[in-house]
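Here the structure is laid out as structure tokens; the discussion comes afterwards.
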Amino acid sequence: MSTDRTPWAAGSVDVIVIGAGQSGLAMSYFLTARGIEHVVLERGAIANSWRRERWDSLRLLTPNWQSCLPDYAYAGERPDDFMTMPEIVAFISGYASFARAPVHTGVEVQSVTSVFGGYRVGTNHGSWFTRAVVLASGAFNRPHVPALSQNLPPGLHQITAFDYRNPDSLPPGGALVVGGSATGLQLAAEIHASGRPVTMATGEHLRMPRTYRGFDIQHWMQVTGLLDQRYDEFDDLDRLRKLPSPQLIGSEQRSTLDLNALADRGVRLCGRLAGLRDGHLQFSGSLRNVCRLADLKLNRLLDGIDRWIEINGGLGATAPYRLLPTRIVDPPCLAIDLRAGGISTVVWATGYRPDYSWLQVPVFDRKRQVRHDGGVVEAPGMYILGLPFMRRRKSSFIHGAEDDARELSQHLAAHLDAQSRARAFKFPKSA
Amino acid sequence: MMNLQQTTVDNGVDVQALLEAREALSAAPEGAAFVWRASSTWAGGTHTQSRIEKFYGLGEEQSHRTEFEIDTDHPELFAADDNGATPVEVVLVGLAGCLTAGIASVAQNRGIQLHSVRATLEAPMDLQGVLGIDPDVRNGFASVRVRYEIDADAPASDIAALVAQSQKRSAVFDIITNPTDVHVEVSKV
């Protein structure tokens, strides 16, 4: 285990990192390397979210060779496979020990307020005073569920991806999975395989093949530089940061899980869940277009990869090809009668929101998102990590933590230096 | 995206103004609250005369340059006088207008020169719905099919992307494909 100190004493420290997941631990590594005194506060155990807030069969959708943290790479025997939840927890916990991160587990941050020279961090074990705060508590703390959920009949079983663990806990009968993200598709496939007919309702989504021209799609995302694209290269950052996760699954067979694959298994596809009227769920008639948008975008991705291979050579890459367009049944399903439609469960795979209810510093925009510039938050000495496209396209992935943490630790160090110099200047050695 | 052509793309859309409006309204979202209006008068039979002139937006009452009039009626086949297009045909006109305007705007924004954009629209409808013959048949369209033929200086996939993007950001497309809350009040005069 890491240097887990219990009992511990609250007090003063130069930097507090909130959250001992991959982002917090990567930041801790660089702070240690820079000789900056800090602690990492974690409300649960290390890699808490991975332990407690994911479903049983989940695997990373990025291959093992891609899993790395500062100075620490995957060393197992299956580089092309995908880590299970216990393996991810072991990987991250192993990193905490390797990095000798000063983690305090079981410490829940309940408030962060500004004080002169820094911040006061209130926890369930007393208060800390600190000069800088790193928000590494993750982007996926609370499930987001549309308001429509409250109007569904009480007899219908509802569950979010956040609470879902396996299909055994669901009542028998059909399930409606709402949301065409990676999570939605994975749960739809799993629940359908359990013998419960599944209907999937999707709006805009991101379609990707697992492999292309003989390599994992993440290989191409990496070598072409897509994953390293920086936030400041784009005008429509807001849109990019809200993209759903790509429809990928991690499996030994390296299978592609897209809407066609689901349809092949007998999953019924509907448009975005749009409303409820007279006991009927209503689905958008825009399904055809959202599938077209996803297909066009997929082709642009593959075009880009083909162009890169033409210029740079793709050693061992097989011939280019394209996936079949997403099939839409004609006529598509626009409504389901909840009384007679055979739906016993609604699974909400409709995304997550981070929880910053404890952050009492005015750094939020009008939609309650933290305002930041590539991870540098508006408040002095405050940083954020791990959000989608926070600083790079890869920011919210395990392998994205390193570069972001390295750069932000540099900014943080400069901030502490400048602050110290300002103080020294203000309080000259007494005459 | 770099446009290496000598001539500037001109589809007649002032995209710069739209982008500026978008930025201004992001900062002041109250200005984005618009209200569209129309008024109508029965003209006998199934003939209705509608007028469009005023709307609300950017925090105050606005007005079109002139008042527009649209007549709607039923065709002679329905034992009516055919003084105007049917209301459902006007809905198709709304969709065509919205999608085409979107195509022009997106093309301008993406530096694609359009030469011609034509659409034909078709909407099958089973009259057993509105005639109350079969309760399982809806009143409205069974579906809507829009066929675009576009001549533009871009590959087919880019043109397809224009049309897809236009649907994504189309008001009428949204109105037709998604549920909308409609309140109808009545008073006796």
For this session: Report those strands (runs of 3 or more DSSP E) wholly inside segment A:37-127 carrying at least 2 residues which are in contact with a Lys or Arg (Cβ under 6 Å, 6 or more places away or on another chain) and closer than 30 Å to A:GLN419 by Cα.
Result: none
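Just to verify a result, which residue in segment B:18-50, among those that are among the charged types (D, E, K, R) and under 15 Å from B:GLU60 (Cβ atoms), is farthest from the other protein chains (Cβ to nearest Cβ)? Step through it out loud before you land on a result.
First, the residues of segment B:18-50 that are among the charged types (D, E, K, R): B:20, B:22-23, B:30, B:37.
Now narrow it down to the ones that are under 15 Å from B:GLU60 (Cβ atoms): B:30, B:37.
On the way: B:GLU30: 12, B:ARG37: 25 Å.
Looking at the filtered set, the residue picked out is B:ARG37.
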Exercise. When segment B:152-180 is examined, which residues are found to be at the interface with another protein chain (Cβ under 10 Å from one of its Cβ atoms), within 19 Å of A:PHE283 (Cα to Cα) and of a type in the set (Val, Ile, Thr)?
Worked result: B:ILE176, B:THR177, B:THR180
Exercise. Taking segment A:277-289 on its own, how many of its residues are within 9 Å of another protein chain (Cβ to nearest Cβ) and closer than 15 Å to A:SER149 by Cβ?
Worked result: 1
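Have a look at A:ARG406, A:ARG421, A:ARG392 and point out the one that is touching a Leu at 6+ places or on another chain (Cβ under 9 Å) and of a type in the set (Lys, Arg). First the steps, then the outcome.
Numbers: A:ARG406 fails: touching a Leu at 6+ places or on another chain (Cβ under 9 Å); A:ARG421 fails: touching a Leu at 6+ places or on another chain (Cβ under 9 Å).
Just a single option satisfies the conditions, and that option is A:ARG392.
Give me the residue from segment B:142-189 that is surrounded by fewer than 16 Cβ atoms within 10 Å (Cβ to Cβ) and polar (S, T, N, Q) and, out of that set, farthest from the chain's Cα centre (by Cα). Let's see the steps before the verdict.
The first filter runs over segment B:142-189 and keeps only residues surrounded by fewer than 16 Cβ atoms within 10 Å (Cβ to Cβ), leaving B:142-143, B:145, B:147, B:149, B:151, B:153, B:155-158, B:169, B:171, B:175, B:179-189.
Then keep just the ones that are polar (S, T, N, Q); that gives B:143, B:157, B:180, B:187.
Values: B:SER143: 16, B:SER157: 24, B:THR180: 15, B:SER187: 30 Å.
Among those that are surrounded by fewer than 16 Cβ atoms within 10 Å (Cβ to Cβ) and polar (S, T, N, Q), it is B:SER187.
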For this session: Please verify whether segment A:148-166 includes one or more residues that are surrounded by fewer than 19 Cβ atoms within 10 Å (Cβ to Cβ) and within 14 Å of chain B (Cβ to nearest Cβ).
Result: yes
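Here's the yes/no breakdown for (1) over 23 Å from A:GLU108 (Cα atoms); (2) modelled with pLDDT of 95 or more; (3) over 19 Å from the mean Cα position of the chain (by Cα):
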position: A:ALA319; (1), (2), (3): yes, yes, yes
position: A:THR326; (1), (2), (3): yes, yes, yes
position: A:CYS333; (1), (2), (3): yes, no, yes
position: A:ARG353; (1), (2), (3): no, no, no
position: A:ASP403; (1), (2), (3): yes, yes, no
Seminar exercise, completed: Apart from one, (1) within 14 Å of chain B (Cβ to nearest Cβ); (2) surrounded by fewer than 18 Cβ atoms within 10 Å (Cβ to Cβ); (3) among the polar types (S, T, N, Q) all hold for A:SER357; the odd one out is (1)
Problem set entry | Filter result (in contact with a helix residue (DSSP H, G or I) (Cβ under 9 Å, 6 or more places away or on another chain) and of a type in the set (A, V, I, L, M)) within segment A:276-301 | A:LEU276, A:LEU281, A:LEU287, A:VAL290, A:LEU293, A:ALA294, A:LEU296, A:LEU301
Exercise. Taking segment A:364-380 as the search range and keeping residues that are assigned to a strand (DSSP E or B) and surrounded by 13 or more Cβ atoms within 10 Å (Cβ to Cβ), which one is nearest to the chain's Cα centre (by Cα)?
Worked result: A:VAL370
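Determine whether segment A:212-228 contains at least one residue that is within 14 Å of chain B (Cβ to nearest Cβ) and in a helix (DSSP H, G or I).
Of all residues in segment A:212-228, those within 14 Å of chain B (Cβ to nearest Cβ) come to none.
No, because not a single residue in segment A:212-228 is within 14 Å of chain B (Cβ to nearest Cβ) and in a helix (DSSP H, G or I).
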Seminar exercise, completed: When restricted to A:LEU187, A:LEU170, A:LEU176, A:LEU152, the only residue at pLDDT 95 or above, hydrophobic (A, V, I, L, M, F, W, C), under 30 Å from A:ASP278 (Cβ atoms) and touching a Lys or Arg at 6+ places or on another chain (Cβ under 7 Å) is A:LEU170
For this session: Considering only residues that are in contact with a strand residue (DSSP E or B) (Cβ under 6 Å, 6 or more places away or on another chain), surrounded by fewer than 17 Cβ atoms within 10 Å (Cβ to Cβ) and of a type outside the set (Asp, Glu), look in segment A:95-119 and name the one that is farthest from A:GLY11 (Cα to Cα).
Result: A:PHE98
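The values are calculated or read from the model by the stated rules, or taken from the named source; none is laboratory data. The structure presented is a predicted model; accordingly, all values stated were derived computationally and were not measured. Counting neighbours? That spans all protein chains shown, and the Cβs are built from the backbone with ideal geometry, glycine included.
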